[in-house]
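Read the structure below first, then the notes.
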Ligand SMILES: Cc1cc2nc3c(=O)[nH]c(=O)nc-3n(C[C@H](O)[C@H](O)[C@H](O)COP(=O)(O)O)c2cc1C
């Protein structure tokens, strides 16, 4: 985090840190005046056994408590994926490889359909869930199956 302090001191603009997956690192980001966090396991490419970003999101968003934007990436492909991430505390969801796949298959004209398809799909889920705005998507829309099966189990995210 000395490195982060040096970046913060050298750069007057916004600083967003990508790859935060724990409460402790999120708290260090806040301490060093970071403007935003991207919860990411780098698409699972750095290690083969990292936990899913969506699990880390719950922990990080719980630590940040809305003080700075918390974005997330890694495996988000459908509107339901985006909806769940927003419900679990993400400010926004980033998409990586689908753009590359679209570009490889169809060239530059594919990138716009990729983003409009994700957005349209998310809007469809919002309608089905009865959420008329992004602000109305909250954690109650996601059932934590592990929690339901073991209600007394300790929870990393609270
Ligand atoms: C070919 C490739 C190269 C990447 N290189 C980097 C990198 O240099 N630094 C980084 O932080 N993430 C890197 N990533 C991870 C992406 O920035 C992003 O976190 C990830 O692709 C999101 O997951 P998704 O592709 O499942 O949507 C790379 C991903 C891919 C597919």
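At-a-glance table
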read-out	value
Three-way shape call for the chain based on the alpha-carbon gyration tensor, with the a/c threshold at 1.5	oblate
Virtual paramagnetic centre 7 Å along Cα→Cβ of residue 8, amide N under 14 Å, in the range 43-79	68
Proxy reagent accessibility, fewest Cβ within 10 Å first, across 76, 106, 83	106, 76, 83
Projected label distance in nm at residue 140 and residue 106, using a 7 Å step from Cα toward the beta-carbon	3.8
Residue of 71, 88, 124 that the Gaussian network model of the chain assigns the largest fluctuation, springs spanning Cα pairs under 10 Å	124
Extent along principal axes [Cα atoms of the range 28-91; Å; largest to smallest]	30, 26, 15
Residues residue 149 and residue 16, FRET efficiency given R0 of 25 Å [Cβ-Cβ distance, rounded to 0.05]	0.10
Length-normalised contact order for the range 19-91 - Cα pairs under 8 Å, 6+ apart - percent	35
Cα-based radius of gyration of the range 85-138 once divided by 2.2 N^0.38 Å, which approximates compact folds	1.33
Length-normalised contact order of the chain in % [C-alpha pairs under 8 Å, at least 6 apart]	19
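FYI, it's all coordinate maths here, none of it is from the lab. As the structure is a prediction and not an experimental result, all values here were calculated from the model. When we count neighbours, we look across all protein chains shown, and the Cβ atoms used for this are built from the backbone with ideal geometry, even at glycine.
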